[in-house]
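The values are calculated or read from the model by the stated rules, or taken from the named source; none is laboratory data. Predicted model, so just to flag it, every value in this text is computed and none were measured. So basically every Cβ, Gly included, is an ideal-geometry build from the backbone, and we count neighbours across all protein chains shown.
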Amino acid sequence: MWDLEGEYLENCNCDLFCPCLLGPREPKSNFPVARPTEGHCDILAGFHIERGRFDEVTLDGLNVALTIHTPGVMGAGNWEVAVYLDAAGSPAQQSALRRVFYGEAGGPMSRVALLVKDWKEAGSVPIIWRRDRFVRCLEIPNVLYVEVEGLLGADGKTEVWLQNVKHMACRAMASAIGRRSWFRDRGASWDHTGKNGHYGPFQWSVA
C-alpha cells in the first residue's frame, strides 16, 4: 500500500503544444498515436514528493527524475527510460521509489512500463528541486538542468492550465516553456530550451 503527492514537471523536444498530450489516442489501449513534432520524443521529467509513504516507509521531500526517449509514436512503445533516484533517500526509501517508478508496485508507472523496451539503471544522485512563482527547476549537477516557466493567460497573472488531460502524472497541467534545459549523460546530449513544458500537481496511490 502506498501513496505519493507533490508536483511534477516535464520538458520535451516538441514545439508548443505537444501532440502526444493533446492528439488522438488508440481506442483500445488509450495510448497516444500522434507523431511527435520531431518524429521522436525526448522527455526530461521530475517528481517532487511533498508527502508520501510506501508501506511503513515515509518518502516526504524526496525527488525522482526520469529521462525518456521514444523513437516514434509514443503509443508504439520501444521506450528507453532512465530512472534517477534521490541520493538523500535511505536504502529503504530508494528501494520503495525504485518499485514505484519502475512500475513494479502498480499505479501509473505500471502502465508506462508496458511501453518500455529498455530500463537504464541511472542510480542514486543528488536531485535539486526549486519553485518560484511560475518557474519550476529540476537539477542533477553535471547531468541535467531543467527550468520551465508557466505561460500566463489573458489575465496576465495566472498560468494557462490544461484540465482533464490524459497524462501519466497529472490530470491538470500548466502550459510552460523551457527557459533553460539540457541533459548530458550516457552518450546523449539534449537541449530543450524554448521547447514545450508543463508542471502540475500529481497524486498517486495503490491500496
Practice item. Scan region 99-117 and give yes if some residue there is within 21 Å of residue 186 (Cα to Cα), of a type in the set (D, E, K, R), surrounded by fewer than 21 Cβ atoms within 10 Å (Cβ to Cβ) and over 17 Å from the mean Cα position of the chain (by Cα), otherwise no. Key: yes
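If you take the residues in region 187-207 that are in a loop (DSSP other than H, G, I, E, B) and in contact (Cβ under 8 Å) with a residue 24 or more places away in the chain, which one is surrounded by the fewest Cβ atoms within 10 Å (Cβ to Cβ)? Give the steps one after another, and end with the answer.
First pass over region 187-207, keeping only residues in a loop (DSSP other than H, G, I, E, B): 187, 192-195, 207.
Okay, now just the ones that are also in contact (Cβ under 8 Å) with a residue 24 or more places away in the chain, so 192, 195, 207.
Numbers: 192: 23, 195: 22, 207: 6.
Looking at the filtered set, the residue picked out is 207.
Would you point out which residue out of 40, 48, 69 is under 18 Å from residue 117 (Cβ atoms) and either of a type in the set (Ser, Thr, Tyr) or out of contact with any Pro (no Cβ under 9 Å at 6 or more places or on another chain) (or both)?
On the way: 40 fails: either of a type in the set (Ser, Thr, Tyr) or out of contact with any Pro (no Cβ under 9 Å at 6 or more places or on another chain) (or both); 48 fails: under 18 Å from residue 117 (Cβ atoms).
Checking each option against the conditions leaves just 69.
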Exercise for review: Please state which of the following conditions residue 42 fails to meet, knowing it meets all the rest: (1) under 23 Å from residue 4 (Cβ atoms); (2) at pLDDT 95 or above; (3) surrounded by 16 or more Cβ atoms within 10 Å (Cβ to Cβ).
Suggested key: (1)
Review point. Does region 59-81 contain any residue that is modelled with pLDDT of 95 or more and part of a helix (DSSP H, G or I)?
Key: no
**Study point:** All positions within region 82-98 that are of a type in the set (Phe, Trp, Tyr) and either surrounded by fewer than 20 Cβ atoms within 10 Å (Cβ to Cβ) or part of a loop (DSSP other than H, G, I, E, B) (or both)
**Key:** none
**Study point:** Where a residue in region 101-115 is under 13 Å from residue 68 (Cβ atoms) and its partner, wherever it lies, is in a loop (DSSP other than H, G, I, E, B) and of a type in the set (Phe, Trp, Tyr), with Cβ under 8 Å and at least six apart
**Key:** 109/102; 113/102; 115/31
Check your understanding: How do the pairs read when you match residues in region 130-142 that are touching a residue at least 40 places away in the same chain (Cβ under 8 Å) with residues anywhere that are in a loop (DSSP other than H, G, I, E, B), using Cβ under 8 Å and keeping only pairs 6 or more apart or on different chains?
Key -> 138/127; 140/126; 140/127
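Residue check: is residue 183 more than 25 Å from residue 79 (Cα to Cα) and either hydrophobic (A, V, I, L, M, F, W, C) or surrounded by 15 or more Cβ atoms within 10 Å (Cβ to Cβ) (or both)?
Details: more than 25 Å from residue 79 (Cα to Cα): no; either hydrophobic (A, V, I, L, M, F, W, C) or surrounded by 15 or more Cβ atoms within 10 Å (Cβ to Cβ) (or both): yes.
Judged against the criteria, residue 183 is not a match.
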Study note, to complete from the structure: Among 9, 21, the single one that is modelled with pLDDT under 90, under 14 Å from the mean Cα position of the chain (by Cα) and under 20 Å from residue 201 (Cα atoms) is 21
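Residues checked against (1) more than 30 Å from residue 179 (Cβ to Cβ); (2) of a type outside the set (Gly, Ala, Ser); (3) at pLDDT below 95:
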site	(1), (2), (3)
99	yes, yes, no
105	yes, no, no
135	no, yes, no
143	no, yes, no
